[in-house]
Amino acid sequence: MKKKLIIFDMDGTIYLGSNLIDGALSTFNYLKENNIEYVFFTNNSSHDLDFYYEKMKNFGIDCSLEHNFYSSTEVTISYLKDRGVKDIYVVGNECLKKKLRKEFNLITKYEKNRKIDAVVTGFSTELVYDELKDACLYLETQEIPLIATNGDYRCPIEDGLYIPDCGGMCEWIRLCTGKVATVLGKPNPEIIYYLAKKFNVALDEVLVVGDRLYTDILVGVNAKVDSLCVLSGESSLEDVKNYEHQPTYILDSIKSLPDLLK
């Protein structure tokens, strides 16, 4: 299998919480030695890209903040700017709000006569009830869209456990307001097209690697590129067999990726 660019998920694919998955470091050493480009793309908007860069460096993985990292936050900013959005209400961590505040006017609470352009949600580990309440009130009283940085329902951590993610928050909002989120990041294929163009590679030279079927694998299906599902995170082999969109490849972990590439 000849690939020039590999787009990696991180949580559940390269590490679980603070634990690097066995064999991951040797895999990235192999990619570096064989001049295969790799990008870390995360749907998780609860951290700045600097956070992931430092995490990868601490794991000993060779990487550059400017060259190897991209997230759903950047996709969201681009999407909103393209549509002339100015005033938004945000449900998310302060790091997400800080980035959005540079480009948009952030409304901090619900006001009955205050018109806004959109409600934006991201994976929030700092969530308070009033944020969800105010977001729902804006969506119920105005014809505005709900924009989600990602649609992941849960985030894998250590010991085979999970914590709620942005997709779960959007479901709560949907059940209250009837508004279905427009989901950016994976599985939206635009990120694959963007990265293929950035690295000047053809789509058949791209491989997407991840542990989530409905984001990592589906983005590969949507973009019509090869995908690899690793069983080190959210998805089990049974989950993969029962999923309507099949990955091109299945491995226990990225430890075996060099063998596949050979």
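Between LYS133, LYS224, LYS198, the GNM of the chain built on Cα springs shorter than 10 angstrom shows LYS198 fluctuating the most. Between the helical axis of 49-59 and the longest alpha-carbon principal axis of the chain there is an angle of about 30 degrees. Across the chain, C-alpha contacts under 8 Å between residues 6 or more apart give a mean separation that, scaled by the residue count, equals a relative contact order of 22 percent. For segment 256-262, 3J(HN,Hα) computed residue by residue from phi via the Karplus equation (6.51, -1.76, 1.60; θ = phi - 60°) reads 8, 4, x, 4, 5, 5, 5 Hz, glycine and proline entered as x. Each residue in THR182, THR27 was given a count of other beta-carbon atoms within 10 angstrom of its own, and listing them fewest first yields THR182, THR27. Report, in degrees rounded to the nearest 10, the 0 to 90 angle that the Cα long axis of helix 24-33 makes with the longest principal axis of the chain. That helix lies at roughly 70 degrees to the long axis. Within segment 225-250, whose backbone N sits under 14 Å from a point 7 Å along Cα→Cβ of PHE199? Inside the label zone: 225-228. Counting charges near SER78 (Lys, Arg +1; Asp, Glu -1) among other residues having Cβ under 11 Å from its Cβ returns a value of -2. Placing +1 on the Cβ of every Lys and Arg and -1 on the Cβ of every Asp and Glu, with no other charges, gives the chain a dipole of roughly 820 debye about its Cα centre.
Note on the chain: with a GNM built from Cα contacts shorter than 10 Å, the maximum mean-square fluctuation among ASP130, ASP226, ASP211 falls on ASP130. Counting only aspartates and glutamates at least 8 places from LYS102 when in the same chain, those with an alpha carbon closer than 15 Å to its own are ASP48, GLU74, ASP87, GLU94. Around the Cα centre of segment 170-262, unit charges on the Cβ atoms of Lys, Arg, Asp and Glu (plus for the first two, minus for the last two) sum to a dipole of about 360 debye. Taking 0.36 nm per residue of separation and subtracting the Cα-Cα distance, full extension of the segment from ASP87 to ASP252 would add 54.9 nm. What does the charge add up to near GLY17, with Lys and Arg as +1, Asp and Glu as -1, over the other residues with Cβ less than 10 Å from its Cβ? It works out to a net charge of -3. Helix 166-177: angle to the longest alpha-carbon principal axis of the chain, degrees 0 to 90, nearest 10? That helix lies at roughly 30 degrees to the long axis.
Remark: the Cα gyration tensor places segment 154-201 in the oblate category, a/c being 1.5 or greater and a/b not exceeding b/c. Classify segment 70-212 from the C-alpha gyration tensor, please: rounded if a/c falls under 1.5, else prolate or oblate depending on whether a/b exceeds b/c. It comes out oblate by the Cα gyration axes. All other residues whose Cβ lies under 14 angstrom from that of ASN34 are scored, Lys and Arg at +1 and Asp and Glu at -1, for a net of 0. Residue separation of ASN58 and ASP159 scaled by 0.36 nm, minus their Cα-Cα distance, works out to 34.3 nm of gained length.
Checking the Cα-Cα distances for LYS186/LYS262; LYS57/LYS241; LYS32/LYS186; LYS81/LYS179 against a 23 Å cut-off, the pairs over it are LYS186/LYS262; LYS57/LYS241; LYS32/LYS186.
Once the chain from LEU65 to ASN19 is taken as fully extended at 0.36 nm per residue, the excess over their C-alpha distance is 14.5 nm.
Placing +1 on the Cβ of every Lys and Arg and -1 on the Cβ of every Asp and Glu, with nothing else charged, gives segment 74-183 a dipole about its Cα centre of roughly 520 debye.
Each reported figure results from applying straightforward, stated rules to the coordinates on display, with no laboratory input. What you see is a predicted model; the values in this text were computed from it and never measured. Because the Cβ atoms are built from the backbone with ideal geometry, glycine has one as well, and the counts that use them run over all protein chains shown.
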